[in-house]
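For reference, the structure discussed in these notes is given below.
The values are calculated or read from the model by the stated rules, or taken from the named source; none is laboratory data. Every value quoted in this text rests on a predicted model; they were computed, and no experiment measured them. Here the Cβ is made from the backbone with ideal geometry for all residues, glycine too, and neighbour counts use every protein chain on show. Note: accessible area is taken over every heavy atom of the protein model, side chains too, but ligands, DNA and RNA are not part of it. Shrake-Rupley method; radii C 1.70, N 1.55, O 1.52, S 1.80 Å.
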Amino acid sequence: MKKIFSGIRPTGNIHIGNYLGAINQWIELQKTEDCVFCIADWHAITTPYEEKNLRNIIFDLTATYLASGLDPEKCILFVQSKVKQHTELAWLLGTITPLGELQRMTQFKDKSQKHKEYINAGLLNYPILMAADILLYNTEIVPVGKDQVQHVEITRNIAQKFNNKYGETFKIPEPLISKEGAKIMSLQDPEKKMSKTDDSKGSINIFDTEDEIKKKIMGATTDSDSIVKYDEINKKGISNLLNIYSLFGNKDIKSIEEEFEGKGYGEFKTSLSNLLIEKLKPIKEKREKISNEDIEKILNEGFLKAEERAENMMKEVRKKMGLTL
Ligand code: ATP
Ligand code: LTN
């Protein structure tokens, strides 16, 4: 069994990009591998957030995971801030991470551009905490969307550096990216990735109502020639919709193009809305059956299992670094 680790920030509603890029892979992996998944609340607070909502968002995110098919019998699911070893290891790894590498990270540049009033050291150190998350669990594979690959690469550098300096300790993890779902683009601006914290019209959330889904798909930005054809350079909007259609409908893009030959965007978009409504319905129904008590119990059990593994790793790290008093 391979050791898998991944996380997601509790920053808002889960959208189909998160689902296709990350969660969907996790659901597959839990069937055969040793999986640990965390709700990265310490990462979430590096960008503006409402403290009174955080707990609800964490509960909601957990419920979304469970409704989408994550099974607490088959994986460990926990909240990052419960396991204090993550901050301890992040501090230690910070002492061997070059400042220049952190400043070069695309996400740091993007998010500090977006939140000019809130450029904090936590945002810069974000990848160190993510490295700690991953390395604490002897991780071999990190399933993420494309935007997070750079952070897995810096994690590899940090692990290698630690092993060279203090002796063989960490496995060197590899990113795993789902091929087509790796980057679902915003419906409003197909140049940008679909994101939880950007404009809500650009993303379809898992729990959107049927009306919301229809409105957003019908209003999605497309070019003016009305030919349903995949062309990532000149027809970004329609290509993104074709990609979503193909992933949810389990059909290859060629056959969808054939199906809609001569039919125009209106018909294609209606069909895509219906497909999304049909595919998201069972997740919504399952969500309604999950109570806060269920969630609390699952997260607590996950915390106990995660903490035990994390503490085992920390014992070794402290010893290697001479922190044994
Ligand atoms: P935020 O807007 O807060 O940055 P986000 O929508 O980018 O949030 P994250 O919590 O950062 O979501 O990401 C969770 C997981 O979903 C990561 O593995 C990330 O790579 C993946 N992911 C996020 N957006 C997309 C997308 N548009 N397409 C595919 N995968 C995505
Ligand atoms: N930074 C990630 C979330 C995250 C993560 C992790 C992903 C936090 N810790 C560890 C993989 C492994 C993001 O999606 N924004």
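Observations, loosely collected:
- Fraction of C-alpha pairs exceeding 24 angstrom in the chain: 56 percent, rounded to a whole number.
- Listed residue pairs exceeding 20 Å between alpha carbons, taken from K3/K74; K196/K216; K193/K263; K31/K305; K52/K215: K193/K263; K52/K215
- Rounded, prolate or oblate (a/c below 1.5 giving rounded, otherwise prolate when a/b exceeds b/c) for region 188-285 by Cα gyration tensor: oblate
- DSSP beta bridges fully contained in the chain are about 15 percent antiparallel.
- No disulfide-compatible partner, judged by a Cβ distance under 4.7 Å, exists for the following cysteines of the chain: C38.
- Hz values of 3J(HN,Hα) by residue in region 4-13 - Karplus curve (6.51, -1.76, 1.60), Gly and Pro given as x: 10, 9, 7, x, 8, 7, x, 10, x, 6
- Mean accessible surface per residue for region 218-296, computed with a 1.4 Å probe while every protein chain stays in place, in Å²: 56
- Stretchable slack from N312 to E267, in nm (0.36 nm times residue separation minus alpha-carbon distance): 10.5 nm
- Legend: helices of the chain (whole DSSP H runs) are marked when their alpha-carbon atoms reach 18 angstrom or more along the helix axis and their mean Kyte-Doolittle hydropathy is at least 1.0; marked are 121-135.
- Region 139-215: relative contact order in percent, alpha carbon pairs under 8 Å with at least 6 residues between: 27
- Mean-position separation - Cα centroids, region 32-87 and region 243-279, in angstrom: 33
- Within the accessible area of region 70-225, the carbon and sulfur atoms contribute 50%, probe 1.4 Å, all protein chains present.
- Length released on extending from K146 to K305, taking residue separation times 0.36 nm less the Cα-Cα span: 54.4 nm
- When peptides 2-12, 218-228 are ranked by their average number of other Cβ atoms within 10 Å per residue, the highest-first order is 2-12, 218-228.
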